[in-house]
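Written out below as C-alpha cells is the structure these notes cover.
The values are calculated or read from the model by the stated rules, or taken from the named source; none is laboratory data. A quick note: this is a predicted structure, and the numbers were derived from the prediction, not measured. Here the Cβ positions follow ideal geometry from the backbone for every residue, glycine too, while neighbour counts run over all protein chains shown.
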Amino acid sequence: MRTLIIFVFVAVVFTSAVAQSSFPALLAEKPASEHQDKLMLFGQFVGSWTFDGVEYRDDGSRRTDKGEIYFHWVLQGRAIQDVFLETERSDSEPKMYGSTVRFYDPKSDSWWVTYIDPVFGVVRALTGRKIGTEIVMQGKLSDGSPIRWIFSGIQPNSFHWYGEKLSGKRWHIYEELWAHRV
C-alpha cells in the first residue's frame, strides 16, 4: 500500500510538472488575487483526494466504487479543475473518468460549473454557490430533470459529496462519496 501511495504521489507530481511545462497556459500555482476570497470556496479542495462512493439505482440496487480526485488551479488561477477517476467498481461497467471546470462569476456572485465524462458521453452544466455550510450546484439531467450536487461536511482533510435528482416533489440521492485528502 505504501508503495502504491508513493507511486501515485510521484505520478501526480510528474504529470503536473509535465503538464505545466508542456501546457503552461492551463495550470496555475495559486488563485488569482482579484477574487481570491471567493475563489477559495472551491480552492479549499486543491490537492489530491481518494474516495469511497455509492450509486443508488432506480431499481433499488446499488453499486460501490473507489477512486481518486485531483483538484488544481487553472486558467491563471481564475478557475479550478478536477480530474475524477474510478479505480475500483463493484460491477462490470466501465470505470468513470471525468473532469469538472469551475469558475467564479462576480456579476452573479455564483460559480459556473461544467462536468464532462467522455467514457459515458455526459456533459453537465450547473451553477453553484455556498448555502449555509454547504456548496450547492444546480443543473439538469439530459432529460431535463433537475439535479443538485452538494459538498457537505467540509473539513480540511475530508468532505462528503452527493448528487440528488428531483422525483415528483422529493429529492433523492442517486450518488454519494466520502473523500479524504491524500
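Things worth noting here:
- If the condition is being part of a strand (DSSP E or B) and exposed (fewer than 14 other Cβ atoms within 10 Å of the Cβ), then the range 102-111 contributes only Asp105.
- Test: residue in the range 32-50 that is in a strand (DSSP E or B) and of a type in the set (A, V, I, L, M): no
- Subset of the range 112-145 that is within 24 Å of Leu27 (Cα to Cα) and of a type in the set (S, T, N, Q) - its residue that is surrounded by the fewest Cβ atoms within 10 Å (Cβ to Cβ): Thr127
Condition check ((1) part of a strand (DSSP E or B); (2) β-branched (Val, Ile, Thr)) across all residues:
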{"residue": "Glu86", "(1), (2)": "yes, no"}
{"residue": "Lys95", "(1), (2)": "no, no"}
{"residue": "Thr100", "(1), (2)": "yes, yes"}
{"residue": "Leu126", "(1), (2)": "yes, no"}
{"residue": "Tyr174", "(1), (2)": "yes, no"}
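- Any hit, the range 28-36, residues being charged (D, E, K, R), at negative phi, buried (at least 18 other Cβ atoms within 10 Å of the Cβ) and without any contact (Cβ under 8 Å) to a residue 60 or more places away in the chain: no
- Candidates are the residues of the range 57-84 that are part of a strand (DSSP E or B) and of a type in the set (S, T, N, Q); the one that is surrounded by the fewest Cβ atoms within 10 Å (Cβ to Cβ) is Thr64.
- Residue check for Gln44: farther than 20 Å from Val122 by Cβ and modelled with pLDDT of 95 or more: yes
- Qualifying residue in the range 136-151 (condition: at pLDDT 95 or above, closer than 24 Å to Val74 by Cα and not in a strand (DSSP E or B)): no
- Among the residues of the range 37-56, just one is free of Cβ contacts under 8 Å to residues at least 60 places away in the same chain and of a type in the set (D, E, K, R), namely Asp37.
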